[in-house]
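Trainee: Questions regarding the structure given below will be posed in turn.
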Amino acid sequence: MSNQTRDAEYTMGRSAGETERLIEQSQLYDDVTRRFFLRSGIAKGMKVLDVGSGAGDVALTVAEFVGPDGTVIGIDVNPDILKTAQDRADAAGFANVEFIAGDVRTLELPNDFDAIVGRLVLLYMADPAEALKKLVTHLRSGGIVAFQDTELALYRTVTHPDTPLINQLIEWGLAVFEGSGAHLNMGMELYRVFVDAGLPEPTLHFEAPMGGPEDWPGFEYLANSFRSLVPLMEAYGIATAEDVDIDTLAERIQVEVATSKRPLLLPPHITAHTSLPA
Ligand SMILES: C[S@@+](CC[C@H](N)C(=O)[O-])C[C@H]1O[C@@H](n2cnc3c(N)ncnc32)[C@H](O)[C@@H]1O
């Protein structure tokens with residue numbers, strides 16, 4: 001991981017389409033995150049801080065884990081997306097989920113959380129270990145720290161001569177995340193970040209959705225991810241909207257998968273959790 005002094009530009013942009021993509025993404029990674037919270041020990045009655053809530057999917061999942069006697073506070077720097085998050089929490093009938101706009105590293109927050117969780121957020125922070133050190137000051141003793149993030153650098157290992165389109169997408173994707181200043185190897189770096197933040201060594205898992213069937217939603221999701229990435233790809237001179245040809249992309253990926261008989265691997269996620277001493 002590079003020693004950055006600035007946060008990454010939010011690589012995926014801030015469009016309404018991006019909010020939809022985050023929800024679509026959550027559906028594909030839902031079981032990964034649920035298994036993660038189960039083994040982390042998120043349980044009924046807990047008070048949980050969700051870092052970088054986006055459209056609210058992680059906070060809504062946590063709300064199910066903590067039940068009506070627990071509480072969830074979700075934070076995001078983007079106040080607009082939190083309106084979607086709050087509407088979704090209200091529509092689901094969760095009276096115990098609240099969202100607050102601001103940078104989680106500088107907001108005034110209580111110091112009695114039972115757990116702090118975050119998915120796909122540390123990769124955008126200039127110094128994730130420093131951020132984590134600050135965040136855990138909001139935990140009670142014995143509190144849980146649980147972060148899930150993506151490992152984009154390892155993605156290159158799945159390129160294959162029979163999948164030129166997927167290989168190209170991987171290269172474009174890595175180039176734009178790198179250009180934006182995001183940490184490409186955030187997943188593998190979670191271990192070091194926990195240890196450098198002074199936390200007990202985390203338990204780690206590595207998971208990724210994969211698929212091949214024509215009706216698998218991963219094809220559309222990957223194409224929509226490129227829809228969000230295209231503005232920065234153009235700004236950085238990596239590729240144009242014409243090169244990417246978004247409207248036919250999902251179908252072209254699916255055809256390549258069917259022809260090559262190589263399943264599509266979505267970005268791998270690494271989960272890390274630990275607890276403070278009691
Ligand atoms: C990729 S989204 C993930 C959303 C959600 N956690 C999920 O997995 O569906 C990352 C979110 O983190 C937010 N974010 C990034 N840095 C932040 C910070 N320092 N404080 C609060 N939110 C932050 C971004 O605005 C963005 O909405």
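The values are calculated or read from the model by the stated rules, or taken from the named source; none is laboratory data. Because the structure is predicted, anything quoted here is derived from the model rather than measured. Cβ placement follows ideal geometry from the backbone for every residue including glycine, while neighbour counts extend to all protein chains displayed.
Trainee: When I166 is evaluated against the numbered criteria (1) in contact (Cβ under 8 Å) with a residue 24 or more places away in the chain; (2) surrounded by fewer than 17 Cβ atoms within 10 Å (Cβ to Cβ); (3) within 19 Å of M233 (Cβ to Cβ), which criterion, by number, is the only one it fails?
Mentor: The number of the failed condition is (2).
Trainee: OK, next. Within region 123-133, how many residues turn out to be crowded, with 22+ Cβ neighbours inside 10 Å and away from the ligand (no atom under 11 Å from the Cβ)?
Mentor: Total meeting the criteria: 1.
Trainee: Any idea which of (1) of a type outside the set (D, E, K, R); (2) within 14 Å of the ligand (Cβ to nearest atom); (3) touching a strand residue (DSSP E or B) at 6+ places or on another chain (Cβ under 9 Å) is the one T84 doesn't satisfy?
Mentor: (3)
Trainee: Which one of D69, D90, D112, D103 is within 21 Å of A182 (Cβ to Cβ), surrounded by fewer than 20 Cβ atoms within 10 Å (Cβ to Cβ), acidic (D, E) and modelled with pLDDT of 95 or more?
Mentor: One residue alone meets the criteria, D103.
Trainee: Determine if region 44-66 includes at least one residue that is surrounded by fewer than 17 Cβ atoms within 10 Å (Cβ to Cβ), in contact with a strand residue (DSSP E or B) (Cβ under 9 Å, 6 or more places away or on another chain) and not hydrophobic (A, V, I, L, M, F, W, C).
Mentor: yes
Trainee: Scan region 115-122 and tell me whether some residue there is away from the ligand (no atom under 11 Å from the Cβ) and in contact (Cβ under 8 Å) with a residue 60 or more places away in the chain.
Mentor: Yes, some residue in region 115-122 is away from the ligand (no atom under 11 Å from the Cβ) and in contact (Cβ under 8 Å) with a residue 60 or more places away in the chain.
Trainee: Further question: May I ask you to verify whether P213 is of a type outside the set (D, E) and under 19 Å from the mean Cα position of the chain (by Cα)?
Mentor: no
Trainee: For T84, work out the one condition from (1) within 29 Å of L204 (Cβ to Cβ); (2) touching a Ser or Thr at 6+ places or on another chain (Cβ under 7 Å) it doesn't fulfil.
Mentor: Of the numbered conditions (1) within 29 Å of L204 (Cβ to Cβ); (2) touching a Ser or Thr at 6+ places or on another chain (Cβ under 7 Å), the odd one out for T84 is (1).
Trainee: Another question, then. What are the residues in region 1-55 that are assigned to a loop (DSSP other than H, G, I, E, B) and either hydroxyl-bearing (S, T, Y) or under 15 Å from T150 (Cα atoms) (or both), if any?
Mentor: M1, S2, T5, A8, Y10, T11, M12, S15, G52, S53
Trainee: Would you check which residues across region 97-130 are assigned to a strand (DSSP E or B), of a type outside the set (V, I, T) and within 17 Å of the chain's Cα centre (by Cα) and list them?
Mentor: Across region 97-130, the qualifying residues are G118, R119.
Trainee: Next up: Restricting attention to region 256-272, report how many residues are small (G, A, S) and either part of a loop (DSSP other than H, G, I, E, B) or under 20 Å from S26 (Cα atoms) (or both).
Mentor: 1
Trainee: Looking only at region 70-80, decide whether some residue is within 12 Å of the ligand (Cβ to nearest atom) and in a loop (DSSP other than H, G, I, E, B).
Mentor: Checked region 70-80: at least one residue is within 12 Å of the ligand (Cβ to nearest atom) and in a loop (DSSP other than H, G, I, E, B).
Trainee: Let me ask another. Return yes or no: is G142 in a helix (DSSP H, G or I) and either among the β-branched types (V, I, T) or modelled with pLDDT of 95 or more (or both)?
Mentor: Spelling it out, it is not the case that G142 is in a helix (DSSP H, G or I) and either among the β-branched types (V, I, T) or modelled with pLDDT of 95 or more (or both).
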